[in-house]
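Undergrad: What follows is a structure written as structure tokens; I'll ask about it next.
The values are calculated or read from the model by the stated rules, or taken from the named source; none is laboratory data. Just so we're clear, the structure is a prediction, and the values are computed from it rather than from any experiment. Cβ placement follows ideal geometry from the backbone for every residue including glycine, while neighbour counts extend to all protein chains displayed. Just so you know, the surface numbers come from the protein's heavy atoms only, side chains and all, with ligands and any DNA or RNA stripped out. Shrake-Rupley method; radii C 1.70, N 1.55, O 1.52, S 1.80 Å.
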Amino acid sequence: MNQPLLQVENLVKNFELRANSGIRKTKRIVQAVSDVSFSVDKGQTLGIVGESGSGKTTVGRCILQLLDITSGTISFEGKTLGGLSFEEMRQIRRKMQIVFQDPFASLDPKMTVGSSIAEPLVVQGVAGNHEEKVASLLELVGLAADHAKRFPHEFSGGQRQRVGIARALALDPALIVLDEPVSALDVSIQAGVVNLFGDLQKRLGMSYVFIAHDLSVVRHIADRVAVMYLGKIVEIGDKKSIYEHPTHPYTKALLSAVPIPNPTTERSRSRIMLEGDVPSPVNPPSGCRFRTRCWKATELCASSEPQLVVRPTGQLSACHFPE
Amino acid sequence: MTEFATISPKRMAMRRFLSHKAAVGSCVLLSIMVLAVILAPISARYGVNESVRKPPNTFLPPQKLAWFGTDDIGRDLYSRLIYGIRVSLIIGLFTAVISTVIGCVVGAVAGFRGGRFDDIVMRVTDLFLAFPFLVALLVIRNTLGSIGWLIAIIGDKSSVRFIVFLLSFFGWMGVARIVRGQVLALKEREFIEAARAVGATRRYIVRRHLLPNSIGPIMVALSFAVVGAITAESTLAFFGYGPQAGDGATSLGILVGAAKGAVQTGYWWIAVFPCFALVLISLAINFIGDALRDATDPRLDRGE
Amino acid sequence: MSELVLSIRDLRVTFDTPLGPLEAVRGVDLDVHAGEMMGVVGESGSGKSVTFLAAMGLLPHQAKVSGSVMLNGQEMLGASNKVLRNMRGGLMSMIFQDPLSALNPVHRVGDQIVEMLKAHQQKMSDKDAAKRAVELLDIVGIPQASERAHQYPHEFSGGMRQRVVIAIAIANNPKVLIADEPTTALDVTVQAQILEVIERVQKSFGTAVVLITHDLGVIARVADRVNVMYAGCNVEKGGVESLFDHPSHPYTRGLLASLPHEGVERLTPITGFPPNMLMPPPGCGFAPRCSHVTDACLASLPSLRTFSDLETACIRAEELVVKAGLS
């Protein structure tokens with residue numbers, strides 16, 4: 001079996017909150033990502049779902065080394081990504097890119113769209129005529145070549161997002177991290193962009209790490225899904241198993257909470273209501289982090305942290321009392 | 001698709017600027033002033049040290065011979081004002097440019113690097129700001145002015161060059177703060193992260209992204225720095241430490257400084273015209289600065 | 001049908017912008033009956049929020065508003081400031097997307113509810129008001145209400161804050177509660193809780209709720225009747241089951257079709273872009289994106305008309321049903 005394109009092992013990322021700037025600082029540590037492991041194969045899409053505080057966005061940033069990780073290993077094409085020099089990392093950056101959530105903030109308002117798309121080529125010192133490449137990229141994402149001269153504010157949200165995608169494709173990366181790429185778009189526009197991701201993948205064969213909170217979109221596009229809660233992966237496996245036979249209570253609750261756009265089905269199905277809110281990642285609960293909202297929680301859950309274990313339906317989940 | 005023609009952010013900002021009538025008026029006023037000042041030998045009616053006529057020529061009130069009257073040794077105030085404004089504008093401009101450059105570099109580096117470095121730099125900035133301005137100015141002036149080898153570089157303590165240096169020394173802090181604030185805000189924006197994700201160096205990001213997006217606040221800071229410098233020069237001159245080149249050369253500050261004597265003696269024109277000129281210049285630059293701030297408001301770049 | 005509490009007729013709102021007049025709302029008719037949950041669906045440029053901001057009298061002076069907004073039989077547009085103040089928080093309340101900015105960070109949560117109570121029930125004593133505030137916090141599901149009433153907004157999580165906002169909004173038992181995207185900024189598990197609170201309030205107090213959202217799933221879950229808006233107009237209205245089962249307007253159909261659902265390889269987006277209301281398209285607002293557009297559609301802005309058990313603004317509604325039946 002070929003080695004996976006991306007391998008993440010025991011990733012930990014903590015943030016220090018500086019309570020105040022001055023002489024004395026009280027340190028509080030936010031455990032954003034705590035011991036997360038997964039892999040992504042060539043041409044595959046891994047969906048990472050979770051709510052606020054789950055750490056999914058941080059995972060995306062860590063993969064791209066936009067954040068320094070606290071501990072753990074991230075390997076890309078077999079090469080470990082920690083401790084590389086700026087130049088070595090820059091070589092690797094050609095092969096992994098990112099598309100951001102906010103179509104307004106992800107483009108420099110003072111640069112033309114064409115310059116933004118060409119920026120990766122410029123920074124990486126790619127020789128040749130960038131104009132042609134930019135034109136072909138624009139067409140690839142469903143925009144027109146003469147849009148290159150325009151500025152971001154002249155485009156709608158969906159179009160700006162396409163520009164962001166074109167920029168991410170400029171260096172022909174093997175892996176693209178998609179960080180909530182459609183959340184900020186109108187519903188009628190989302191479908192077009194989601195289709196675009198699928199088409200591009202069929203055509204160019206890259207892998208995706210698709211980070212989102214919208215479970216229905218993830219279901220549509222992902223091959224495998226990881227469910228995160230408070231910095232940990234609570235369930236991971238292929239899409240079918242996760243959506244049809246979820247084994248972790250949180251996954252069940254999450255699926256239950258997403259409203260189905262069909263009044264008859266939606267009102268007749270049984271719903272799981274979680275109590276309370278997501279605890280703070282500064283002080284996560286002991287043992288199983290989900291126990292404070294779980295209807296099955298016992299003392300065992302507080303004293304012992306469940307590990308990811310293979311279930312009969314094929315996926316892994318971390319629960320003492322799986323469904 | 002889009003229904004508007006391509007409007008670059010620069011042109012949008014220009015449009016917004018031009019809608020501020022006070023600022024546009026100020027631009028016109030300043031342009032006239034600058035023109036008059038550049039064409040000095042032509043626009044001035046007399047030389048800077050030239051007597052209006054043979055004595056009696058001292059303290060003549062405004063009249064056809066001398067539009068703004070004459071001073072204590074019979075020189076035309078109008079002409080002296082033109083020459084004086086020239087010197088002050090030069091001081092103001094150079095000081096503003098130098099302190100803005102220093103402030104930009106300090107602010108951008110501190111803001112972008114952050115952490116301990118940022119803390120140290122900002123504490124140094126605070127230190128500079130904490131000094132009682134006038135006292136520090138005078139102390140530094142006298143100390144540095146007596147160091148022999150420095151004089152060769154920054155000029156004698158009565159020269160324009162020295163004053164520019166002195167005022168820049170104390171003028172960069174405001175700009176540094178503004179630029180740092182802007183950089184801090186921009187640092188977390190996704191387009192910066194996108195540049196990092198492609199392997200851009202820090203220097204590239206500062207040059208290509210941070211500075212162009214900070215032009216607005218920088219220009220505003222620049223305009224206020226000009227006013228600050230001109231006012232500071234006037235303050236110095238008021239206390240007798242202005243640029244004295246000897247051969248009757250004057251500055252706006254010196255002319256304003258002469259006002260203190262005029263109040264008691266009743267020669268009102270000695271006070272009114274220079275002070276009025278100073279106020280007018282300050283107001284004009286302030287209006288322009290305000291309009292610049294509105295014109296370059298980053299929120300409006302989103303096309304909302 | 002129960003009594004009419006809010007009746008909007010031919011509402012038009014135009015904003016004067018530096019780039020020209022922006023027609024945000026172009027002739028909206030809406031009826032809200034006592035105790036019902038009315039869903040208002042729309043995307044950017046639909047005018048869904050502006051419609052209700054106008055009804056509350058919350059638009060800035062530069063907005064030109066015309067038409068009629070009858071609340072409990074009284075005309076609100078052009079009413080005196082006194083009438084409007086009595087209305088807001090009294091007969092009709094509005095809650096918004098971001099609970100953090102809706103709450104004053106320097107006042108305790110209980111005090112903010114008391115403030116709302118006393119604004120409309122001046123004769124209420126401080127003691128009674130405080131007591132009622134705790135009761136309201138309890139009703140919206142805040143645990144340990146009497147202690148938490150003394151806390152500040154930043155001590156609450158996002159979902160809890162939104163509950164506080166709801167408590168303030170229902171303090172004076174309004175006839176209508178307008179909720180403008182109340183759950184959009186919240187996590188999906190919290191969204192479920194908040195929707196449950198809103199439903200509970202609706203059922204126990206008989207409050208009519210106008211739920212403005214872009215999420216069709218939310219509509220399917222809680223709405224009784226639905227109003228679909230596009231480009232500043234109503235394009236379709238009807239009962240929630242009917243609308244989802246046999247939508248008559250191409251926009252509604254397109255919206256439903258573009259949602260991810262099982263077994264679908266490729267999603268069906270609605271081609272084109274959201275409308276630019278500075279230069280609204282001639283005729284039907286949806287025409288530029290509609291795959292069934294004809295010349296008649298571009299001629300004039302169509303108005304709502306009855307069509308089986310719905311109301312639709314599509315002039316080709318009958319033909320298109322037949323077409324769908326044949327295919």
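Undergrad: Give segment A:228-264 a look and list any residue that's open to solvent by 60 Å² or more (accessible area, probe 1.4 Å), away from every other protein chain (no Cβ under 12 Å) and under 24 Å from A:Asp35 (Cα atoms), or say none.
TA: A:Asp238
Undergrad: All but one of (1) away from chain B (no Cβ under 14 Å); (2) farther than 17 Å from C:Leu267 by Cα hold for A:Asp146; which doesn't?
TA: (1)
Undergrad: Now a separate question. Can you tell me which of (1) part of a helix (DSSP H, G or I); (2) open to solvent by 40 Å² or more (accessible area, probe 1.4 Å); (3) more than 9 Å from every other protein chain (Cβ to nearest Cβ) is the one A:Arg267 doesn't meet?
TA: The single condition A:Arg267 does not satisfy is (3).
Undergrad: I'm trying to understand the selection: among the residues of segment A:68-93, which are within 14 Å of chain B (Cβ to nearest Cβ), under 16 Å from A:Asn10 (Cβ atoms) and open to solvent by 30 Å² or more (accessible area, probe 1.4 Å)?
TA: Passing the criteria: only A:Asp68.
Undergrad: In segment B:45-56, is there at least one residue being surrounded by 15 or more Cβ atoms within 10 Å (Cβ to Cβ), more than 22 Å from B:Ser234 (Cβ to Cβ), over 24 Å from the mean Cα position of the chain (by Cα) and within 14 Å of chain A (Cβ to nearest Cβ)?
TA: Looking for residues that are surrounded by 15 or more Cβ atoms within 10 Å (Cβ to Cβ), more than 22 Å from B:Ser234 (Cβ to Cβ), over 24 Å from the mean Cα position of the chain (by Cα) and within 14 Å of chain A (Cβ to nearest Cβ), one finds none in segment B:45-56, hence no.
Undergrad: Restricting attention to segment C:69-90, report how many residues are open to solvent by 30 Å² or more (accessible area, probe 1.4 Å) and of a type outside the set (Lys, Arg). Step through it out loud before you land on a result.
TA: Within segment C:69-90, the first condition is being open to solvent by 30 Å² or more (accessible area, probe 1.4 Å), and the residues that meet it are C:70, C:72-75, C:77-78, C:80-83, C:85-86, C:88.
The next check asks that each one be of a type outside the set (Lys, Arg); those that pass are C:70, C:72-75, C:77-78, C:80-81, C:83, C:86.
Residues flagged as open to solvent by 30 Å² or more (accessible area, probe 1.4 Å) and of a type outside the set (Lys, Arg) within segment C:69-90 amount to 11.
Undergrad: Hey, another quick one. A:Ile98 passes all but one of (1) in a strand (DSSP E or B); (2) within 13 Å of chain B (Cβ to nearest Cβ); (3) open to solvent by 50 Å² or more (accessible area, probe 1.4 Å); (4) not basic (Lys, Arg); which number fails?
TA: (3)
Every residue, every condition in (1) assigned to a helix (DSSP H, G or I); (2) within 14 Å of another protein chain (Cβ to nearest Cβ); (3) of a type outside the set (Phe, Trp, Tyr), yes or no:
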residue	(1), (2), (3)
B:Met173	yes, no, yes
B:Arg177	yes, no, yes
B:Arg180	yes, yes, yes
B:Phe191	yes, yes, no
B:Arg207	yes, yes, yes
B:Ser214	yes, yes, yes
B:Pro217	yes, yes, yes
B:Glu233	yes, no, yes
B:Tyr241	no, no, no
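Undergrad: Where the second residue is open to solvent by 20 Å² or more (accessible area, probe 1.4 Å) and the first is more than 8 Å from chain A (Cβ to nearest Cβ) and lies in segment C:235-247, which pairs have Cβ atoms under 6 Å and are six or more apart or on separate chains?
TA: Short answer, once both residue conditions are applied: C:Lys237/C:Glu311; C:Gly239/C:Arg225; C:Ser242/C:Asp309; C:Pro247/C:Arg253.
Undergrad: Mind checking which pairs have a first residue in segment B:34-58 that is more than 23 Å from B:Ser88 (Cα to Cα) and a second that is open to solvent by less than 50 Å² (accessible area, probe 1.4 Å) and of a type in the set (Phe, Trp, Tyr), Cβ under 8 Å, 6 or more apart or different chains?
TA: From residues that are more than 23 Å from B:Ser88 (Cα to Cα), the pairs are B:Val52/B:Tyr46.
Undergrad: Helices (runs of 4 or more DSSP H) wholly in segment C:52-139 with at least 3 residues that are free of Cβ contacts under 8 Å to residues at least 40 places away in the same chain - which ones? Talk me through it step by step, then tell me what you get.
TA: On the way: elements: C:81-87, C:99-102, C:109-120, C:126-139.
Here the list reads C:81-87, C:109-120, C:126-139.
Undergrad: Go through (1) charged (D, E, K, R); (2) more than 8 Å from every other protein chain (Cβ to nearest Cβ); (3) in contact with a Ser or Thr (Cβ under 8 Å, 6 or more places away or on another chain) for A:Lys133 and report which single condition fails.
TA: A:Lys133 satisfies all of (1) charged (D, E, K, R); (2) more than 8 Å from every other protein chain (Cβ to nearest Cβ); (3) in contact with a Ser or Thr (Cβ under 8 Å, 6 or more places away or on another chain) except (3).
Undergrad: Hey, could you check segment B:94-151 for residues that are open to solvent by 50 Å² or more (accessible area, probe 1.4 Å) and not in a helix (DSSP H, G or I) and say which is farthest from B:Ala221 (Cα to Cα)?
TA: B:Ile147
Undergrad: While we're on this one: In this structure, is C:His214 in contact with a Ser or Thr (Cβ under 8 Å, 6 or more places away or on another chain), open to solvent by 40 Å² or more (accessible area, probe 1.4 Å), farther than 18 Å from A:Ser183 by Cα and not basic (Lys, Arg)?
TA: Values: in contact with a Ser or Thr (Cβ under 8 Å, 6 or more places away or on another chain): yes; open to solvent by 40 Å² or more (accessible area, probe 1.4 Å): yes; farther than 18 Å from A:Ser183 by Cα: no; not basic (Lys, Arg): yes.
No; evaluated as a whole, the condition is false for this residue.
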